[in-house]
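Only one structure is covered here, and it is reproduced in the block below.
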Amino acid sequence: MSITTEPKANSSPQTTRVLVVDDDEISKEMLSHHLHQHHCMVVVAGSAEEAMVTLQTEGTESFDCLISDYYMPGKTGLDLLLWSKEIDATLAFIMITGAGEKQLVADSLRCGATDYLEKPIRRKDIGEALQRAVTETREQRRLAKNDTETIAIGSLHLGPSIKSLPARIEVCHRPCHGAGGDFFNSFRLPDGNMLVLAADVSGHDLRAAFVSAYFQGIVRGMIAKNTPIPEVFSYFNQLLVEEWCTEEGKPMTISLSVCAVLIDFHSRKIQVYNNGFPIPFQITPTGQSLPAGTDAEYPLGWFSETAHQHTEQEIIKDSHFYMWTDGLEDFACREVISPWALAAKLFLDRAHPTSKNLISDASDDIMVLRIELTPDSSATTRDDVFILNERLSGERLGDIDELHAFWHRSITFVLPSINENLLANLLLCVREGMINALKYGCRGSSSQTASLMVAYSPVSRGLRVVISDPGKGHNFDFEAHLELANEALVPEHRGLGMMKELADGMCLRRNGAEVELTFALNSCEVSTMKSL
Amino acid sequence: MKPLLGLENNRVKLAFPGDILSTNVETLREQIFSTLNSTQYTNLACDAFEFDFTKAQMIDSAGLNLVVSVLRQVKKKATRISALVASAHVGRILRFTRLDRQMEIIAFEQSVPA
């Protein structure tokens, strides 16, 4: 049960109401005492679960700030943060952590916390954090009520016309708000090369829009003067952390996740500089996925010292480079589909207004970019979109039914009217192929991975599946075996034979360690039971 | 759900409760063969056997191997074997493995309400 305590005296005209969550009675009491000194009305809860009940019964809008300890029995402060952002993104959240727990701080900020406090908490620290948080809540609520006051900075492309750039860039951008959030930019460099920026600024108010536009201007100016990207990032981080303050002299508490991709057409190399942005990928025409990095460091604006992750890749002929913001991953996760499927759907439905309805209830901006790295490509696969592109370790063999359901959801999300017999044929082939790859190619081991790619071609109206494992393949003559098995009713080894029969085309490579299957979308559309 | 194996219209009927896949095939095998090997079945004076696949939308290679194993066993006794199939996909699986030469495949079409 939550308990409400009143401020001691001098209540301000607009009383600040704070929900404090901590399982430790002494800490809770101390914090409440400090908050009373700041004229707050305090409601306390002893666990994340209790806080959830309080927020549901009293309404999130009745609070101006939520302050929670990270470590609690049952659900953690991070669980509570994610839950609260799901039901009311405007309510500011302050996380309490132990001293020096940088990773917890990073996780909390990444998940939407406004600020953090380290134990032991001093009254002065609370005052500053509380003021920022309450201001943030009230500002976000004002904007939510009157979104038309803001301007559509988020959806503007502030660079030159995309058509004039040396590589084809396709962008799908579905902002949730009129300002701030995700943005991209692209520049043709003096040497003929190209720079693409994709970023996500925290917040959706005019301040975020200002930061977005300012950053793009700074990059353009500094790049024109041949400043290396790391220096540009470092300079902007300094602005965010040390120079820009509110009218009261407080830090802005605004952050920027950004990824810069420098495409060098002469040396056929890509340089990727990443600060807190989801890892981008180069994808080969056969679906091989080459992640540009492993850990993207922190966004700009979090800490005084900043480090970016730098990755260099060779450009592979006819490949594409994909970048997307965390809003895409979050929405795909919520819908239990592959992020590739969501990206594919967005690209395919660009011309149709219904695609906006598809993600109308997304809680964050969604942006995905696809860059054609070899503009002179004449590959027939250049317009293909990927529905699935994943690597699975051998130990996932036991999850095959769960994976099957995930593949089913992802494919029907992109192709909702796919013929059910074709879908059954396709899914069965994927299942058979992946069972073989995980069981024999990876030997069921957690250290071995198999890859699965399913691509759809809107030009040929066909689907292409590539399954690859690290094994040596086999010398099994499945076609001869199938003849024998069918005649003599041999109850084994029919998997490859089924795949060959159900697909419109099958090609084995590397002695069968890689299999490519093709399906024509129209091939099953007339099949009925009468054909039996 | 257990596969239903019973006597209906003077024929033994094996009704699969759903898809026949690698993840449920061993359970199904155990249940089916425990009945097929029982004296209750072996003493039954009935030479007709029907596979009911109407609830199966998908049969993978492990599932197909089970069907073949059951068929081999059933053929020792039954002379008239049929398979009731609702899904075109399942029908295709049985056809390409030439099981249509071993048993009569009957298309099951659900009645449409007027």
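Read-outs throughout are calculated quantities, based only on the coordinates presented, and are distinct from any laboratory measurement. Fair warning: this is a prediction, and the values are worked out from it, not measured in the lab. Cβ: placed from backbone, ideal geometry, glycine included. Neighbour counts: every protein chain shown.
For the reader, a short list of remarks on this structure follows.
- Taking every alpha-carbon pair under 8 Å whose residues sit at least 6 apart, chain B reaches a relative contact order of 26 percent.
- The trypsin sites (Lys or Arg not before Pro) found in region A:425-491 that occupy coil by DSSP, while having at most 16 further C-beta atoms within 10 Å, are A:ARG443, A:ARG461, A:LYS472.
- Net charge in the neighbourhood of A:ALA424 (other residues with Cβ under 12 Å of its Cβ; Lys, Arg +1, Asp, Glu -1) is -1.
- For GluC sites (Glu not before Pro), the sites in region A:201-285 that DSSP calls loop and that have at most 11 other Cβ atoms within 10 Å are A:GLU247, A:GLU248.
- Only helices enter the 222 nm calculation for chain B: every DSSP H run of n ≥ 4 contributes -39,500 (n - 2.57), and dividing by all residues gives -10000 deg cm²/dmol, rounded to 500.
- Net charge of Cβ neighbours under 10 Å - reference A:SER27; Lys, Arg +1; Asp, Glu -1: -4
- Cα pair count fraction exceeding 48 Å, expressed as % - the protein assembly as shown: 31
- Label-to-label distance, nm, for residues given as A:ASP191 and B:ASN9 (7 Å Cα→Cβ offset): 8.0
- Beta bridges per DSSP with both ends in the protein assembly as shown, % antiparallel, nearest 5: 70
- Set of aspartates and glutamates with alpha-carbon distance to A:LYS472 below 14 Å, sequence-local pairs under 8 removed: A:GLU514
- Summing charges over neighbours of A:GLY98, with a neighbour being any other residue whose Cβ is under 9 Å away from its Cβ, gives -1 when K and R count +1 and D and E count -1.
- Shielding by partners - mean other protein chain Cβ count within 10 Å, residues of A:484-497: 5
- Dividing the Cα radius of gyration of region A:3-145 by 2.2 N^0.38 Å, with N the residue count, gives 0.94.
- Between A:MET41, A:ILE96, A:PRO491, the Cα set farthest toward the positive side of the dipole of the protein assembly as shown (charges on each charged residue's Cβ, about the Cα centre) is that of A:PRO491.
- Looking at region B:42-114, the trypsin sites (Lys or Arg not before Pro) that sit in a DSSP loop and have at most 10 other Cβ atoms within 10 Å of their own Cβ are B:LYS76.
- Percent antiparallel among DSSP beta bridges (both partners in region B:4-107, rounded to 5): 25
- Selection from A:ALA455, B:PHE33, B:LEU44, by position along the positive dipole direction of the protein assembly as shown (Cβ): B:LEU44
- Expressed as a whole percent, the proportion of Cα-Cα pairs in chain B lying more than 25 Å apart is 16%.
- Placing R0 at 22 angstrom, the Cβ-Cβ distance between A:CYS245 and A:GLU139 gives a FRET efficiency of 0.90 after rounding to 0.05.
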